[in-house]
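To start, the structure under review is shown below, and the notes come after it.
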């Protein structure tokens, strides 16, 4: 993990895996979805707690996507970018669609060949969340607590990246750090719930005596 990625994580940037981009026709173009809307996926799990995450279909409505870039492992050379029209991003009913023209540079054409040949198959994207909601559900029968995080407003989309391994781009650390924080908050909320329930039960018992 590079110091640059660690610094970005510390500043609030988050990373998520995305579906691999696929080649389109004979041109050096790849496209796919960075994320799909209203489709919960497991972000993190530990000791009877699960954190699910989903992206609201309006989360990108006010997002800054003015000059998103495409890189490799979220660092170094830029293979496509929004400002010169080689990288386009659009939302539709399914999710955030990405289309990249990798034919402008020799390095870009090489990356296209790696994607087309199946050598590079993983992608992720970097972004910053402005607003989200959390819903806690307790399954006391199975002793499992599920927290559903819904991202309702994304402030900025920084980059999309082809990655050598998902763990190399900050995705695993980003998910774990966020997941551990959400679980800690859920535990505190459940503790407060139990205290309120016990308090109410004590009052009921006193009234019944």
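The values are calculated or read from the model by the stated rules, or taken from the named source; none is laboratory data. Bear in mind the structure is a predicted one, so any value in this text is a computation, not a measurement. For neighbour counting, all protein chains shown are included, and Cβ atoms are generated from backbone atoms with ideal geometry for every residue, glycine included.
Structural remarks
- Residue check, residue 51 part of a strand (DSSP E or B), without any contact (Cβ under 8 Å) to a residue 12 or more places away in the chain, touching a strand residue (DSSP E or B) at 6+ places or on another chain (Cβ under 8 Å) and buried (at least 16 other Cβ atoms within 10 Å of the Cβ): no
- From the list 99, 77, the one residue that fits, being modelled with pLDDT under 95, assigned to a strand (DSSP E or B) and closer than 25 Å to residue 55 by Cα, is 99.
- Across the range 105-135, the qualifying residues are those that are crowded, with 16+ Cβ neighbours inside 10 Å and closer than 14 Å to residue 69 by Cβ, and the one among them that is farthest from the chain's Cα centre (by Cα) is 108.
- Lone unmet requirement of (1) at pLDDT 85 or above; (2) within 27 Å of residue 66 (Cα to Cα); (3) in a helix (DSSP H, G or I) for residue 188: (2)
- Residue match in the range 29-43 (condition: more than 30 Å from residue 147 (Cα to Cα), at pLDDT 85 or above, crowded, with 18+ Cβ neighbours inside 10 Å and under 17 Å from the mean Cα position of the chain (by Cα)): no
Let's see how each residue does on (1) touching a helix residue (DSSP H, G or I) at 6+ places or on another chain (Cβ under 7 Å); (2) surrounded by fewer than 13 Cβ atoms within 10 Å (Cβ to Cβ); (3) modelled with pLDDT of 85 or more:
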| position | (1), (2), (3) |
| --- | --- |
| 137 | no, yes, yes |
| 146 | no, no, yes |
| 150 | no, no, yes |
| 158 | no, no, yes |
| 172 | yes, no, no |
| 181 | no, yes, no |
| 184 | no, yes, yes |
| 201 | no, yes, no |
| 205 | no, yes, no |
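- Residue pairs whose Cβ atoms lie under 7 Å apart, sitting 6 or more positions apart in sequence or on different chains, and linking a residue in the range 179-207 that is at positive phi and without any contact (Cβ under 8 Å) to a residue 40 or more places away in the chain to a partner that is part of a helix (DSSP H, G or I) and surrounded by 10 or more Cβ atoms within 10 Å (Cβ to Cβ), do not occur here.
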